[in-house]
Each structure stands twice: as C-alpha cells, then as structure tokens.
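The values are calculated or read from the model by the stated rules, or taken from the named source; none is laboratory data. Being a predicted model, the structure only gives us computed values, none of them experimental. Using ideal geometry, Cβ is built from the backbone for each residue, glycine included, and neighbour counts are taken over all protein chains shown. For accessibility, only protein heavy atoms count, side chains too; no ligands or nucleic acids. Shrake-Rupley method; radii C 1.70, N 1.55, O 1.52, S 1.80 Å.
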Amino acid sequence: MSTTEILFWFLSALALGSAIMLITARSPVHSVLALIVTFFAISGHYILLNAQFLAIVNIIVYAGAIMVLFLFVVMLMNLNASAEPKKHRTLQLAGFISGGCLFLVLVAALRNADAVNKTTELVTGQSGLIGNLGRELFKTYVIPFELSSVLFLSAMIGAVVISKKEK
Amino acid sequence: MEIKYYIGLALALFCIGIVGVLTRRNAIIIFMCVELMLNAVNLLLVAFSKMHAATPMGKAFPAMVSDAQIFVFFIMVVAAAEVSVGLAIIVMMYRNTHSTDVNFLNRLKN
C-alpha cells in the first residue's frame with residue numbers, strides 16, 4: 001500500500017466518522033465541530049487530488065467563514081444538549097432505513113457502470129492549480145463570476161433585512 | 001486510485017446527510033446536513049474531473065478538465081450566499097418561537 005492510498009483511507013475514515021458524529025451528537029456545538037473536521041478531511045482529499053485551489057477555498061470559505069457563522073448562531077441562541085428536541089424512535093428508525101435504502105440503491109445502480117474502474121490522477125496534474133483555474137475563470141467564466149458578486153450583494157442585503165427587528 | 005472509491009465515499013457522505021435531515025429536528029443541524037450533502041457532491045465533481053484528466057481526451061483539452069473545478073467553485077459561492085440567508089431565517093424563527101425545533105413551523109397547516 002503506497003502513501004497516497006494510506007492517506008486516502010485515513011481521510012475517508014475521518015470524513016465518514018465525523019459525519020456520523022455530526023448527526024449523532026446531542027449538543028449542537030459538537031455537531032458544528034464534527035462538521036469542521038469533515039470539511040478539513042474533504043480539503044485533504046482535494047489536496048490529494050492536486051486540486052490545490054479548491055482545497056484552500058474549501059478551508060477558507062467552509063471551515064472558516066460558514067462554520068464560524070454557524071457557531072455564532074449556536075452561541076447566540078445558547079443551545080445545548082438539554083434543550084435539544086427529540087424525534088420519536090420510530091421516526092428516527094424510518095429516516096435511518098430510508099437513507100440506508102437510498103445508499104444501497106445508488107451503490108447497486110452504479111456498481112456495474114463502465115467508468116467505475118477508471119483511475120483518477122492523484123498528486124499529479126496541472127488542472128487544479130491556481131494559475132490555470134484563474135485563467136479559465138477570468139476568460140471563459142468572467143460573466144458568471146461577476147454575476148456571483150451581485151448574488152452576494154443580494155444575499156447580504158437579504159440577511160440584514162430578514163434578521164432586522166420588526167418595529 | 002480508482003473512481004469507485006470516490007463514488008462510494010461521496011455516496012456515503014450524501015446518505016449520512018440525508019439521514020441527518022430525516023432524523024434530526026433542530027433546524028441548525030438540518031442545515032448543516034444540507035451543507036454536508038453539498039460537499040459530498042463537490043468531492044465527486046473534483047474526483048470525476050481528475051478522472052477525466054487522465055484520459056487522452058482530457059490531456060488534449062486541459063481547459064475541459066478545469067471546468068468541473070470552476071463549477072465546484074461556483075457551488076461554494078452559492079452555498080456561502082445560501083448559508084447567510086438561511087441562518088438569518090433561523091435567527092428570525094428563533095426570535096418568534098424561542099426554539100429551533102422545525103415542528104413548531106407547522107402553522108401553515110391550518
């Protein structure tokens with residue numbers, strides 16, 4: 001087993017374990033922390049695939065900005081394990097079974113697809129480097145890029161308007 | 001690394017997100033599970049783009065390979081905007097009902 005394979009399995013186990021922690025943890029703060037670990041594991045996968053730009057953006061945007069926002073909201077509402085609403089056991093079981101069924105159906109459908117045995121480029125490859133992606137972003141995708149700034153502006157104004165106290 | 005392992009990992013993460021949405025009642029945790037599903041899809045897109053890079057077609061047209069990663073970048077952009085609005089809605093909901101339990105939001109039923 002080579003180093004990249006060991007790293008792949010380690011990161012996969014970390015991502016899956018912390019994702020399960022996310023949905024089983026009683027306290028919302030623990031869920032947020034588990035999700036941060038998942039995002040770091042996924043960023044590790046991006047680095048392993050040599051998609052360096054996306055790895056950094058994933059850490060900055062998701063693990064940095066979004067999860068801090070989540071943590072702030074959890075802290076603001078002073079949520080803890082005792083205030084946590086609980087679902088009925090039967091409903092939880094039904095949710096678990098339906099999610100598991102979806103997983104089984106998808107795996108069974110994709111198991112015999114043509115492409116499953118193709119290999120991905122690990123560690124090598126130029127396509128994920130900042131230079132190439134930036135050139136592509138500002139040449140071919142410059143209009144969506146500018147439109148996304150309008151989207152951010154509208155999201156910002158929307159967040160302020162929604163969370164403003166009504167008089 | 002074969003693509004099937006990446007497909008399996010992304011499917012498992014996606015289904016864990018779905019189970020979380022179905023079994024939890026706290027709106028914030030449901031929202032985090034949606035983020036987890038988005039990330040699973042992002043991971044699969046990047047893995048497929050790198051699979052494409054290894055083929056002769058991908059070697060001949062490197063711009064085609066970076067398309068998927070640009071796509072992931074835009075998904076992240078939209079997710080960031082979505083989170084800011086969604087959390088504002090959850091804060092407003094908490095202010096009105098003093099709880100983040102989604103079962104309190106069944107007023108539209110009557």
- Message: Checking the condition in contact with a Leu (Cβ under 7 Å, 6 or more places away or on another chain) and assigned to a helix (DSSP H, G or I), which residue from A:Leu102, A:Leu54, A:Leu106 passes?
- Response: A:Leu106
- For the stretch B:9-48, the count of residues that are at the interface with another protein chain (Cβ under 7 Å from one of its Cβ atoms) and free of Cβ contacts under 8 Å to residues at least 40 places away in the same chain equals 19
- Residue hits (the stretch B:25-70; of a type in the set (Lys, Arg), out of contact with any strand residue (DSSP E or B) (no Cβ under 8 Å at 6 or more places or on another chain) and open to solvent by less than 50 Å² (accessible area, probe 1.4 Å)) are B:Lys50
- Task: Please work out which residue is least open to solvent (accessible area, probe 1.4 Å), limiting yourself to the stretch A:114-123 and to residues that are at the interface with chain B (Cβ under 9 Å from one of its Cβ atoms) and not aliphatic (A, V, I, L, M).
- Result: A:Thr120
- Do the conditions hold for B:Val77, that is, is it modelled with pLDDT of 90 or more and β-branched (Val, Ile, Thr)? yes
- Among the numbered criteria (1) loosely packed, with under 15 Cβ neighbours inside 10 Å; (2) farther than 16 Å from B:Val72 by Cα, which single criterion is violated by A:Gly134? (2)
- Query: Do we have any residue at all in the stretch A:96-113 that's surrounded by 12 or more Cβ atoms within 10 Å (Cβ to Cβ), more than 28 Å from B:Ala80 (Cβ to Cβ), modelled with pLDDT of 90 or more and more than 24 Å from the chain's Cα centre (by Cα)?
  - Reply: no
